[in-house]
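Participant: For reference, the structure I am asking about is given below.
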Amino acid sequence: MHKIKNMPVWQRNMYILWIGVFLTGIGLSMVIPFMSLYINTLGHYSKRMLSLYSSLAFSGSYLTIAISSPLWGRLADMKGRKKMIVRAGLGMGIVFFLMSLVTNVWQLILLRAVQGALGGFTSNANALIASETPTERSGYSMGIMMTGSTAGMLLGPLIGGVLADTIGYRFAFTLTGGLILIATILVIFWVKEVVVPKKRRQPLQRKEIFSSLPYPKVMWGFFITTMLIMAVNQSINPILALFVQELNHGSNNTALLAGLVAAMPGVASLIFAPQLGRLGDRYGTSKIMLGGFILGVVVFLPMGWVSAIWQLATLRFFVGIIDSTMMPSIQTLITKTTPHEVVSRMFAYNQSFQALGSVAGPIIGAVATGLFDYRGVFVISALIIGINGVWFHHNTKILRQDGIA
């Protein structure tokens, strides 16, 4: 305890917020693997309709995130990032309790949309840490923060799968709400925001914000890269449990197996994210990301031909390594190329594009499933990763020339 008290405030905040995003990660990911199975209990649907409703439930929350994030980012820059973390935690905690009480699929889809509109816990936590961390430690701190959310995402599907097979789907939503509220309480009492944004009578408009950036075109490029990364990540999630069920030939333990498969990227991220963050600080963030794009193409293509659950789980482990090269790196590059007073706004815009990718991903997955069955999703994802890698390499050329990336 004495050691923690003697830490720099940014480092102490980082560890407390790590716990917060860890608990939030558990809660949010706990319900993901069996969302489509939960929807199937709310009515009698064909395979195509179940895939459609699952996609709507997944993408609805991300669409409202994309719309609301710039507003929350603006308020964070004006009022403080800690307040936005608390607001998001309280809102999402209550909404998840309500999800456990739904009686039809449209109620669930509506609450998922409300969840997205009130969200922003992890993005604001990342923005707070990014704004207070010394620049030379930014890659390390973003890697550490990623381990919190991914460790939660690792345990969440496992816990959710066990609960779904034993107690039932609804209790998992209740527990999710409780975990998010616990995370919020930790933030209220333990996190100290060192640099509280100054209040402005006239907040900066979007044009003024981007004109203050040293590389505005590159920043928009970061947002596009983020959107494509998330489109790939989310394309499989709505139908992951259904694909596992197909590979498992309809056996009874599908929810648990889907949880195990969904957790594999979290295992890899927990192991590799801090080390890859340090390598990015030492050798260049863009080099780490480009390696991730190459690995992504190599990993996603074979997923289209798996014939057993263990093969899918193994390849999903490598997806976690790929994610560890990308999302923390994008956040690090945004931090390095953004003035402190608008960093929350840039993280909010990035979250909006992340959400747009999460909207597009399930739609891509649903369309690919309708045209090529589940396996076509992975081939299309590999193609998107390759295009994204070429785009990122072109977009960051000036940063490499200036020694930033």
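The values are calculated or read from the model by the stated rules, or taken from the named source; none is laboratory data. Only a predicted model underlies this, so the values are computations on that prediction, with no experimental measurement involved. Reconstructed Cβ throughout: ideal geometry from the backbone, glycine too, with neighbour counts over all protein chains shown.
Participant: Within region 235-243, is there a residue that is under 25 Å from SER55 (Cβ atoms), touching a residue at least 40 places away in the same chain (Cβ under 8 Å), among the small types (Gly, Ala, Ser) and not in a helix (DSSP H, G or I)? Working first, answer last.
Facilitator: Just the residues of region 235-243 that are under 25 Å from SER55 (Cβ atoms), to begin with: 235-243.
The next check asks that each one be touching a residue at least 40 places away in the same chain (Cβ under 8 Å); those that pass are 235-243.
From what's left, among the small types (Gly, Ala, Ser): 235, 241.
Okay, now just the ones that are also not in a helix (DSSP H, G or I), so none.
No, every residue in region 235-243 fails to be under 25 Å from SER55 (Cβ atoms), touching a residue at least 40 places away in the same chain (Cβ under 8 Å), among the small types (Gly, Ala, Ser) and not in a helix (DSSP H, G or I).
Participant: When residues of region 69-94 are filtered for being among the β-branched types (Val, Ile, Thr) and surrounded by fewer than 24 Cβ atoms within 10 Å (Cβ to Cβ), how many remain? Show your work before the answer.
Facilitator: Of region 69-94, the ones among the β-branched types (Val, Ile, Thr) are 85-86, 94.
Those left that are additionally surrounded by fewer than 24 Cβ atoms within 10 Å (Cβ to Cβ): 86, 94.
Looking only at that region, the number is 2.
One line per residue, one yes/no per condition, for (1) at pLDDT below 85; (2) within 19 Å of the chain's Cα centre (by Cα):
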residue	(1), (2)
LEU154	yes, yes
GLY160	yes, yes
THR166	yes, no
GLY178	no, no
VAL196	yes, no
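Participant: Taking only region 62-104 into account, find how many residues are under 24 Å from PHE353 (Cβ atoms) and among the polar types (S, T, N, Q).
Facilitator: Residues that pass the stated criteria total 3.
Yes/no matrix, rows are residues, columns are (1) among the aromatic types (Phe, Trp, Tyr); (2) in a helix (DSSP H, G or I); (3) at pLDDT 80 or above:
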position: LYS3; (1), (2), (3): no, yes, no
position: MET7; (1), (2), (3): no, no, no
position: PHE22; (1), (2), (3): yes, yes, yes
position: SER54; (1), (2), (3): no, yes, yes
position: SER61; (1), (2), (3): no, yes, yes
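Participant: Looking only at region 244-254, filter to residues that are surrounded by fewer than 23 Cβ atoms within 10 Å (Cβ to Cβ) and not polar (S, T, N, Q); which one of those is modelled with the highest pLDDT?
Facilitator: So, considering only residues that are surrounded by fewer than 23 Cβ atoms within 10 Å (Cβ to Cβ) and not polar (S, T, N, Q), the one modelled with the highest pLDDT is LEU247.
Participant: Being within 22 Å of MET145 (Cβ to Cβ) and in contact with a helix residue (DSSP H, G or I) (Cβ under 8 Å, 6 or more places away or on another chain), is that true of even one residue in region 367-380? Let's see the steps before the verdict.
Facilitator: Just the residues of region 367-380 that are within 22 Å of MET145 (Cβ to Cβ), to begin with: none.
For region 367-380, residues within 22 Å of MET145 (Cβ to Cβ) and in contact with a helix residue (DSSP H, G or I) (Cβ under 8 Å, 6 or more places away or on another chain): absent.
Participant: Right, another one. Among the residues of region 29-49, which ones are part of a helix (DSSP H, G or I) and within 19 Å of GLY168 (Cβ to Cβ)?
Facilitator: SER29, MET30, MET35, SER36, LEU37, TYR38, ILE39, ASN40, listed by residue number.
Participant: Can you tell me which condition LEU98 does not meet? The list is (1) closer than 18 Å to MET30 by Cα; (2) not in a helix (DSSP H, G or I), and all the others hold.
Facilitator: Checking LEU98 against (1) closer than 18 Å to MET30 by Cα; (2) not in a helix (DSSP H, G or I), the one that fails is (2).
Participant: Here is a further query. Among what's in region 136-148 and is surrounded by 24 or more Cβ atoms within 10 Å (Cβ to Cβ) and touching a Phe, Trp or Tyr at 6+ places or on another chain (Cβ under 7 Å), pick the residue that is farthest from TRP10 (Cα to Cα).
Facilitator: Once the filter is applied, the top-ranked residue is GLY148.
Participant: On to the next question. Within region 27-45, can you find the residues that are among the β-branched types (Val, Ile, Thr) and closer than 17 Å to GLY266 by Cα?
Facilitator: From region 27-45, those among the β-branched types (Val, Ile, Thr) are 31-32, 39, 41; that's our starting set.
VAL31, ILE32 - these are the residues of region 27-45 that are among the β-branched types (Val, Ile, Thr) and closer than 17 Å to GLY266 by Cα.
Participant: Could you say whether any residue in region 345-355 is over 25 Å from ARG112 (Cβ atoms) and in contact with a helix residue (DSSP H, G or I) (Cβ under 8 Å, 6 or more places away or on another chain)? If you could, list the steps in order and put the result at the bottom.
Facilitator: Taking region 345-355 and keeping what is over 25 Å from ARG112 (Cβ atoms), we get 345-346.
This time we only want the ones that are in contact with a helix residue (DSSP H, G or I) (Cβ under 8 Å, 6 or more places away or on another chain), so: 345-346.
Yes.
Participant: So which of LEU333, LEU279, LEU315, LEU295 ends up being surrounded by 23 or more Cβ atoms within 10 Å (Cβ to Cβ) and in contact with a helix residue (DSSP H, G or I) (Cβ under 8 Å, 6 or more places away or on another chain)? Lay out the reasoning, then the answer.
Facilitator: Numbers: LEU279 fails: surrounded by 23 or more Cβ atoms within 10 Å (Cβ to Cβ); LEU315 fails: surrounded by 23 or more Cβ atoms within 10 Å (Cβ to Cβ); LEU295 fails: surrounded by 23 or more Cβ atoms within 10 Å (Cβ to Cβ).
Just a single option satisfies the conditions, and that option is LEU333.
Participant: Quick one: is ILE404 touching a residue at least 24 places away in the same chain (Cβ under 8 Å) and assigned to a helix (DSSP H, G or I)?
Facilitator: On the way: touching a residue at least 24 places away in the same chain (Cβ under 8 Å): yes; assigned to a helix (DSSP H, G or I): no.
Against the criterion (touching a residue at least 24 places away in the same chain (Cβ under 8 Å) and assigned to a helix (DSSP H, G or I)), ILE404 does not qualify.
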